[in-house]
Amino acid sequence: MKKTGLRLLALVLAMVFVAVLAGGCGGGDKKPAPAAADFKFKDEYKLTMNVTPQTMWGQGATKFAELAKEYTKGKVNIKVYPNAMLTGGDQMRQVEMVQNGSIDFMVNSTINIAPTVPEFDVWGLPFLFPSYKAVDAAMASPAATDLFKALEKKNMVGLAWGENGFREVTNNKKAIKTPDDMKGLKMRVVTPMYIDIMRALGANAVSMNWGEVFTSLQQGVIDGQENPIAGIIIPTKVYEVQKHITNWHYSYDALAVVANKKVWDGFPPEIRDQLKKAAVDAMKWEVAESRKALDEGIKLLKEKGMTVTDLTPEELVKFRELTKPVYDKYAPKVGAQVAKSFEDAVAKVK
Ligand code: X2X
């Protein structure tokens, strides 16, 4: 009797041992994630971005690729494809291709993601952020993490936030001090929210891929555009084809490092940890560099002959008032709760 009991115990223990080996504790019928040693990595993982390698986000993407290689000990080789070259210059299609897995990763502006994930427009809401401090508070808040959940519903995974920057307005006609100065200007923007903002200010909005902007400014097809100084205007030499810039900080543009969900979920857990750390570290570096470059950048713009206009709080009020209806139109589109959590994060540091 005693012997049978012992045998039974041995049998149960053996079965448990086999089960653990086969599937891990409580594995059910779910396959365990493979160990990095057994995993078949692709020779190259593709990363798309919209701009040149010299831009801040280009440098951030390169940093991410370098750190990914370092942290995974050479197992994950990410190649950066700049200038939306994988989509023939179509800046919106990059998201689609990361969604369907034709491209593995992207470092992208939230502007280009928002048409697919409307919540992402929260970053750019007109005059939401009064300062970088406010931006940092929002970025560190659970509200920002929630945006990554919205991304997962669209088959993508968010790894880290970075910075394109506050988008400042440039043009070739006149120094912009009041909304009146914008009347009739042909302004290039990207998405519907920005078209609405330009219209609210009396400008003529034109939607155009970034790749065509420089030549269009040069040829006078458009009068102006809006982009961050350190992130884009300096590294792509927009000052060569634009005379005036106004620092109005009207809209903040965040970057996100994003992976295709299937590719991401397929990685062994330790590789996911290493890649996530690579993204976070690269973007931390990118944000710091981008802010460091700002003061020098403004000096350089002046040296290059641009007029640089700073607005007083009283002057800003007029722009804010005119764009308030656009804020009110897009807050429900990004989700009332999402907008509210961002507003709360901003209010805490005011
Ligand atoms: O197209 C733009 O203006 C840019 C480069 O900032 C974005 O990709 C949103």
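A few notes on this one:
- When 169, 221 are checked against the criterion of being out of contact with any Pro (no Cβ under 7 Å at 6 or more places or on another chain) and surrounded by 16 or more Cβ atoms within 10 Å (Cβ to Cβ), a single residue qualifies: 169.
- Residue within region 146-159 that is under 25 Å from the mean Cα position of the chain (by Cα) and within 12 Å of the ligand (Cβ to nearest atom) present: no
- Across region 216-242, the qualifying residues are those that are more than 16 Å from residue 171 (Cβ to Cβ) and assigned to a helix (DSSP H, G or I), and the one among them that is farthest from the ligand (Cβ to nearest atom) is 230.
- Scanning region 65-123 for residues that are within 14 Å of the ligand (Cβ to nearest atom), under 23 Å from residue 341 (Cβ atoms) and not in a strand (DSSP E or B) yields 110, 111, 112, 113, 114, 115, 116, 120, 121, 123.
- The set of residues in region 57-80 that are over 20 Å from residue 161 (Cβ atoms) and surrounded by fewer than 19 Cβ atoms within 10 Å (Cβ to Cβ) comprises 69, 70, 73, 74, 75, 77, 79.
- Of the residues making up region 285-315, those that are within 20 Å of residue 135 (Cβ to Cβ), among the aliphatic types (A, V, I, L, M) and surrounded by 16 or more Cβ atoms within 10 Å (Cβ to Cβ) are 287, 293, 294, 298, 311.
- Residues that are assigned to a helix (DSSP H, G or I) and either more than 13 Å from the ligand (Cβ to nearest atom) or of a type in the set (Lys, Arg) (or both), drawn from region 38-64: 59, 60, 62, 63, 64
- Just so you know, in region 193-209 the residues that are part of a helix (DSSP H, G or I) and free of Cβ contacts under 8 Å to residues at least 40 places away in the same chain include one that is farthest from the ligand (Cβ to nearest atom), and it is 199.
- The residues of region 288-307 that are outside any helix (DSSP H, G or I) and within 12 Å of residue 234 (Cβ to Cβ), listed by number, are 304, 306.
Here, each number is a calculation from the coordinates, and none is a lab measurement. Every value quoted in this text rests on a predicted model; they were computed, and no experiment measured them. Note that each Cβ is placed from the backbone with ideal geometry, even for glycine, and that neighbours are counted across all protein chains shown.
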